[in-house]
1. Name the residue from B:123, B:248, B:141 whose Cα lies farthest towards the positive end of the charge dipole of chain B, charges +1 on Cβ of Lys and Arg and -1 on Cβ of Asp and Glu.
2. Looking only at Cα atoms, what is the convex hull volume of the protein assembly as shown per residue, in Å³?
3. Take A:263, A:49 and order them by how many other Cβ atoms sit within 10 Å, fewest up front.
4. Order of A:163, B:218 from fewest to most other C-beta atoms within 10 Å?
5. Based on the alpha carbon coordinates of chain B, what radius of gyration and maximum Cα-Cα distance (Dmax) apply, in Å?
6. Springs between alpha-carbon atoms under 10 Å, Gaussian network over chain B: tell me which of B:215, B:69, B:58 tops the mean-square fluctuations.
7. For the protein assembly as shown, with the dipole built from +1 on Lys and Arg beta-carbon atoms and -1 on Asp and Glu ones, taken about the Cα centre, which of A:106, B:284, B:30 lies farthest toward the positive end?
8. Which helices, counted as full DSSP H runs in chain A, have an axial Cα extent of no less than 27 Å and a Kyte-Doolittle average of -1.0 or above?
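Read the figures in this text as sums done on the coordinates, not as results from a lab. All values reported here derive from a predicted model rather than from experimental measurement. All Cβ positions, even for glycine, are placed from backbone atoms using ideal geometry, and neighbour counts span all protein chains on display.
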Amino acid sequence: MEITFIEIKEFRQTMLVKRGEGFDFLREMVGMDWEKEGLGAIYILENSITREGVELAVRTTDREKPQIPTVSDIWYIAELYEREVFDFYGIEFTGHPDMRRLYLRNDWVGYPLRKDYDPSEAINPVRLESETKEEVHREYEIEEDRHLAEMVEKLKILHYDQYVINIGPQHPATHGVLRFRLALEGEEVRKVDIHCGYIHRGIEKLCESRTYPQTLAFTDRLDYLSAHQNRHALCMCIEKAMGLEVTDRVQYIRTIMDELQRIDSHLLMFSCLAMDMGAITSFIYGFREREKVLDIMEEVTGGRLIQNYNIIGGVQADITPGFASKVKEYCNDQKKRLKEYYDVFVNNVIFRNRAIGVGVLTLEDAISFGATGGTGRASGWACDVRKRHPYALYDKVEFKEILHTGGDSYCRLLVRLEEIVESIGIIEQLIDNIPEGDYKTKTKPIIKLPEGRFYAAVEGSRGEFGVFIESHGDKMPYRLKFRPMGVPLIAAAQKIMKGCKIADLITIGASLDYVIPDIDR
Amino acid sequence: MLDFTTITTAIDQYLHSVMPAPAATLTECAIVAICAIAAYLVFAIVMIFMERKVCAAFQCRLGPTRVGFWGILQVFADVFKMLIKEIIEIKRSDHILYNLAPFLVVMSSLITFCCLPFAQGLQVLDFNIGVFFIMAASSFGILGILLAGWSSNNKFSMIGAMRSGGQMISYELSVGLSILTLVVLSGTMQISEIVEIQTQGWFIVRGHIPAIIAFIIYIIAGNAETNRAPFDLPEAESELTAGFHTEYSGMGFGLFYVAEFMNMFIIAGIASALFLGGWAPLYIPGLESFNNAMCWIPGIVWFLGKTFFVIWLLMWIRWTFPRMRIDQVLVLEWKYLVPIGLLNLLIMTICVVMGWTL
């Protein structure tokens, strides 16, 4: 990956020009600490139509008060990405409307992903008292020279005279420990303020002190519903950097397992959406079939949820003898069962009334928020990595990219259900032709990547899952960044949830289908 | 058919013969109260068990199977667990109202329960304005729910209580209208008489089209009255955790739970009494031997059979449909059910006046 560094003074201008050239999708933003060369960020941009990409970076040598102009008005998603970078590197983005920490507590001392960060417990002891609420936005106003600014306190996030309720961190419908602070007016949601970080484990920081094979173990703790795809992405990125070619057999196994994982995740999404709407029977129906997928996975990988199957150069163990027949049996069964879902839930008049036209995410917003996966495709954005940048066997199999144009909760569910059919189609094309061969390529006991920056992406269960590695030739990554699938989704949620009813907020959340450990990492 | 009045009169006479009149009345009151509460609890237990098994059947599961044969003791285990749970005092809640609320809800449903005609003569309260009394008694359960939400000092509970206030008061109207339609058909408000008339044919048959429309409206509105899916917004667990009873633990929650189930029983009981003939056996004009055979089945079996059929219908709905949104719930009531109910009342009146009933 070739990165162009931009001078900080010309940064905003360049970004605006790039946006004007059609680079409307901010694929990834990576905060970086290059030690002597300064702090900065890498922006990976893509043109959503021509699919051509460009990688830009900016850095500042000021370690005391590093400041970079914001791009949050150019790409909406940058608002949360910049808060993340601010949280971990202390880079203040001038002009950003809401410069608060995203994951860590307000009273956290220091910026943990900086290389000179002191992790001693004396500085950040385990705090037992509650976090003080920050009710003010902090904004950095851009001055004439466009990169130096002073902090000003801006309007309150939520006023005390508003009826404020917390959805989460312990709430049955946030599907994990996410917290929405809502300002309500009757049943209507006036403002949404999202708090993340309740399950933040600092995986990216941990990876910097682990060898490459050791980093693999973290991936399935991110989005546990795309454990295979996550690990696939990391293995692919490392293999790409090493110049390692995996055998055909491995590609077949990986593709099939990825698709099984996708079916698993989509079934769960259907079930949970039904559950959040109170249709518990539909929930059980979805889980009944999901159980069969999990059984197959358990047999092959030994794990039902957290799967450690992909390794660098192949997979952990060969597929079991009865694998093909079991998968085929399951696929046939699933195709019949899908009709039941439509009968009992999708075509139900109450569900249709509650989902059609609710939480509409427009195409422009979807791209600007980088909301890939089923959510983006429900808005009509052809964002499938399997088609955009084919990997594994996806350029050899035939499948349709499901696109809907409604952008509402209903379309988001339809996309998922139709994708199950496509995934079954992919599996059926591959399952009979798994070639003989090694299930893993031998690698050296100590894996060192050449110097450079590498990015690999797969289509995870709910969007593009990317892995960015900056290697300085060591056996450990200098910087490893995962592109989360969930952050764009909650950023979009913050926008489309405004003005809806509480009940719709829950269904929109379920239809966006985010997984919290993936957001928090 | 067995008439329970003979038994009750016998007991009455016996009590009067052994003690003075006021004491006899007092004893009768006590016996009736104990019997009513016992029946209330027994039906609650039966229904909780039924709900589990029915829901399991709809969801391709088995339901409870381990405690006792076929899981029969599961409910008792649950009740026991509920009894030994700590009752948590909420800080800065209104203690009196907070503790009073579950009793109001149970009281309301217990009084309504007493109006049900279980069999000929087996009915605790039987006024000449019985239907009117049922409407009045059942509607003050809302008060308990509102108070529960208000006094728990919890914003979720508050939202749940406001939802239930809006929803239940609205749907009271439809329930009232559909019952009124039946009152027009029967010409009386006394429950026992209404059932008595139906020994010559159930109202849902005799009132044909308007009665069937009224029955459907009644089932929808009754479902909303009991706060069950698709109208379970006041306690929508995925939105408001548990709605108005979020802060209740132990038996406080238990009472709400029992009351919810018994409200369903009452709704089904009233449906069976007004529409399906209560304890009146199946009557087909012209088939005398068949009718005589039907009369051999005791009235209580008829009543419970019909009631549990309606309960099963309600459970089927509950375990199939997703939840509605509050604005949709109100739109359904005010824009559809109320106008249709009013029109239906008119049709029924015309039918009765013109003698077009069967």
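1. My answer, from the dipole projection, is B:248.
2. Residue-normalised Cα hull volume stands at 202 Å³.
3. Values: A:263 26, A:49 11.
The order, fewest Cβ neighbours first, is A:49, A:263.
4. Placing the least packed residue first, the sequence is A:163, B:218.
5. Here Rg and the maximum Cα pair distance are 21.2, 68 Å.
6. Residue with maximal mean-square fluctuation among B:215, B:69, B:58: B:69.
7. B:284
8. The answer, listed by residue number, is A:248-276, A:280-301, A:409-431.
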